[in-house]
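Chemist: Once you've had a glance at the structure underneath, I'll fire off some questions.
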Amino acid sequence: MTGTLDLTEFHDELRAVARSMLAAAGAGAAPSWDLVAGSGWIGLEAPEQFDGAGGGFAEVSIVLDEYGRAAAAGPLPSVAVLAVPVLGLVEPGPARDGLLSESVAGATVPVLVLGGGGLAAPPFRLDSTTGGHVLRGEAGFVLDAPVADRLLVPAAGPDGTVVLVDVDPGSVGIDVTNQPVLDATRSFGTVVANGAVIADDAVHSFRGDPARTLQHLYDRAATAVACDSLGLAEAMLDTTVAYVGVREQFGRRIGSFQAVKHACADMLVAITVSRRLVAGAVRALVDDAPDAAVAVSMAKSHVCAAAVDVAGKAVQLHGGMGYTWESGIHVYLKRATLNRSLFGSPGQHRRRLAERYVIAGQGRPGS
């Protein structure tokens with residue numbers, strides 16, 4: 001569905017349907033998983049042979065934006081952005097194919113064990129013993145781990161090669177502990193493997209370079225969070241403009257005050273820049289561009305910081321109402337605050353951008 005075709009009409013329809021469905025569930029709520037599966041969102045990038053849509057990340061990003069706009073809960077972002085794609089990046093086989101089909105149909109909820117704090121070497125290792133494969137390791141702040149019924153764990157094998165291990169979270173030797181966070185619309189957990197025995201058909205080899213594959217998945221996760229932050233910032237601007245257009249003080253609508261106009265204009269500018277950066281990151285990932293990491297870090301660092309500012313201005317411009325539980329703005333502010341640090345803080349991504357110049361300088365005479 002990507003490529004050179006003009007998909008504007010399809011994308012507009014996808015956005016309209018997603019917005020309608022998520023609005024019906026209500027801000028901060030989780031839409032029915034059966035409804036999500038029936039909509040085809042889980043398998044937007046899955047091959048058609050697995051009942052997927054055969055689309056790309058461009059289509060997924062539209063749904064992610066609407067999830068942020070609705071501050072929707074549920075595991076769809078982690079499943080569609082990480083779990084289903086990683087299954088497509090390992091060698092095919094009966095076990096892999098069956099899990100991919102079940103995931104697209106919504107019959108199972110797989111979660112990739114990728115820590116939300118940033119990318120590093122996989123903290124899990126898969127040892128070979130006389131009794132078979134044994135998994136050990138621990139990862140914290142794994143998105144949607146508490147609601148998963150399958151865990152997809154990247155682990156270093158005996159020879160150091162990273163493989164993907166399919167684990168039942170209820171298995172002996174596997175422990176998933178809920179990690180509460182301020183944002184009630186998301187769930188996180190600590191995943192601990194302490195000598196879990198793994199069957200041969202649960203170990204999957206990556207088709208390409210595992211390190212590059214994991215980096216690509218991390219970039220997808222960071223971009224997904226940027227999409228979410230863009231959507232919630234857009235929702236906060238729309239809500240604020242509507243409010244200042246009817247709220248009156250001193251016999252005038254507060255939207256006519258110059259200071260309020262300037263604040264709304266600042267929100268719009270931040271969102272406009274964010275929209276272009278997100279579009280650039282999504283396009284770079286779809287095209288597998290050589291500088292995709294740069295586009296991703298630019299989007300993640302700016303958009304997620306800007307969303308916190310936009311949500312904060314929304315609270316201020318709503319006055320005392322903005323601080324109440326009933327206004328619902330707190331849901332967006334908490335979500336934006338978590339997004340800012342999830343899969344790399346702005347500082348971490350700016351450091352990643354700055355490393356380009358350090359590397360370039362090392363090749364110059366006298367450097």
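The values are calculated or read from the model by the stated rules, or taken from the named source; none is laboratory data. Given the structure is predicted, the values throughout are model-derived calculations rather than measurements. Neighbour counts run over all protein chains shown; Cβ positions are idealised from the backbone, glycine included.
Chemist: Hey, among A73, A83, A148, A95, which residue is touching a strand residue (DSSP E or B) at 6+ places or on another chain (Cβ under 6 Å) and assigned by TED's automatic domain parsing to the domain that holds L35?
Modeler: Details: A73 fails: touching a strand residue (DSSP E or B) at 6+ places or on another chain (Cβ under 6 Å); A148 fails: assigned by TED's automatic domain parsing to the domain that holds L35; A95 fails: touching a strand residue (DSSP E or B) at 6+ places or on another chain (Cβ under 6 Å).
After ruling out the rest, the residue left standing is A83.
Chemist: Quick check on A70: is it of a type outside the set (F, W, Y), surrounded by 18 or more Cβ atoms within 10 Å (Cβ to Cβ) and in contact with a helix residue (DSSP H, G or I) (Cβ under 6 Å, 6 or more places away or on another chain)?
Modeler: Answer is yes for this residue.
Chemist: Where in region 167-263 are the strands (runs of 3 or more DSSP E), entirely inside, with at least 2 residues that are closer than 28 Å to A293 by Cβ and among the β-branched types (V, I, T)? First the steps, then the outcome.
Modeler: On the way: elements: 174-178, 188-198, 203-205.
Of the strands (runs of 3 or more DSSP E) lying wholly inside region 167-263, those with at least 2 residues that are closer than 28 Å to A293 by Cβ and among the β-branched types (V, I, T) span 188-198.
Chemist: Given the condition exposed (fewer than 12 other Cβ atoms within 10 Å of the Cβ) and either touching a strand residue (DSSP E or B) at 6+ places or on another chain (Cβ under 6 Å) or not in a strand (DSSP E or B) (or both), answer yes or no: does some residue in region 297-312 qualify? Talk me through it step by step, then tell me what you get.
Modeler: Initially, region 297-312 is screened for residues exposed (fewer than 12 other Cβ atoms within 10 Å of the Cβ), giving none.
Looking for residues that are exposed (fewer than 12 other Cβ atoms within 10 Å of the Cβ) and either touching a strand residue (DSSP E or B) at 6+ places or on another chain (Cβ under 6 Å) or not in a strand (DSSP E or B) (or both), one finds none in region 297-312, hence no.
Chemist: Among the residues that make up region 273-285, is at least one of them in contact with an Asp or Glu (Cβ under 6 Å, 6 or more places away or on another chain) and within 19 Å of R69 (Cα to Cα)?
Modeler: We begin by selecting, within region 273-285, every residue in contact with an Asp or Glu (Cβ under 6 Å, 6 or more places away or on another chain); these are none.
No, region 273-285 contains no residue that is in contact with an Asp or Glu (Cβ under 6 Å, 6 or more places away or on another chain) and within 19 Å of R69 (Cα to Cα).
Chemist: Among the listed residues I42, I62, which satisfies the condition of being over 22 Å from T108 (Cα atoms), among the hydrophobic types (A, V, I, L, M, F, W, C) and either surrounded by fewer than 23 Cβ atoms within 10 Å (Cβ to Cβ) or not assigned by TED's automatic domain parsing to the domain that holds R186 (or both)?
Modeler: Values: I42 fails: over 22 Å from T108 (Cα atoms).
From the options I42, I62, the qualifying one is I62.
Chemist: Here's a follow-up. Hey, could you check region 211-260 for residues that are charged (D, E, K, R) and touching a residue at least 24 places away in the same chain (Cβ under 8 Å) and say which is farthest from V286 (Cα to Cα)? Please lay out each step first, then the result.
Modeler: If we filter region 211-260 for residues that are charged (D, E, K, R), which is where we start, we get 212, 219-220, 228, 234, 238, 247-248, 252-253.
This time we only want the ones that are touching a residue at least 24 places away in the same chain (Cβ under 8 Å), so: 219-220, 228, 234, 247.
Working: D219: 12, R220: 10, D228: 18, E234: 24, R247: 44 Å.
Per the criteria, the residue is R247.
Chemist: Given the structure, is A193 outside the structural domain of Y332 (by TED's automatic domain parsing) and either among the charged types (D, E, K, R) or in contact (Cβ under 8 Å) with a residue 40 or more places away in the chain (or both)? Reasoning before the result, please.
Modeler: Values: outside the structural domain of Y332 (by TED's automatic domain parsing): yes; either among the charged types (D, E, K, R) or in contact (Cβ under 8 Å) with a residue 40 or more places away in the chain (or both): yes.
Criteria met by A193.
Chemist: Checking the condition in a strand (DSSP E or B) and touching a helix residue (DSSP H, G or I) at 6+ places or on another chain (Cβ under 7 Å), which residue from V104, V111, V134, V81 passes?
Modeler: Details: V104 fails: in a strand (DSSP E or B); V134 fails: touching a helix residue (DSSP H, G or I) at 6+ places or on another chain (Cβ under 7 Å); V81 fails: in a strand (DSSP E or B).
Within the list V104, V111, V134, V81, the selection yields V111.
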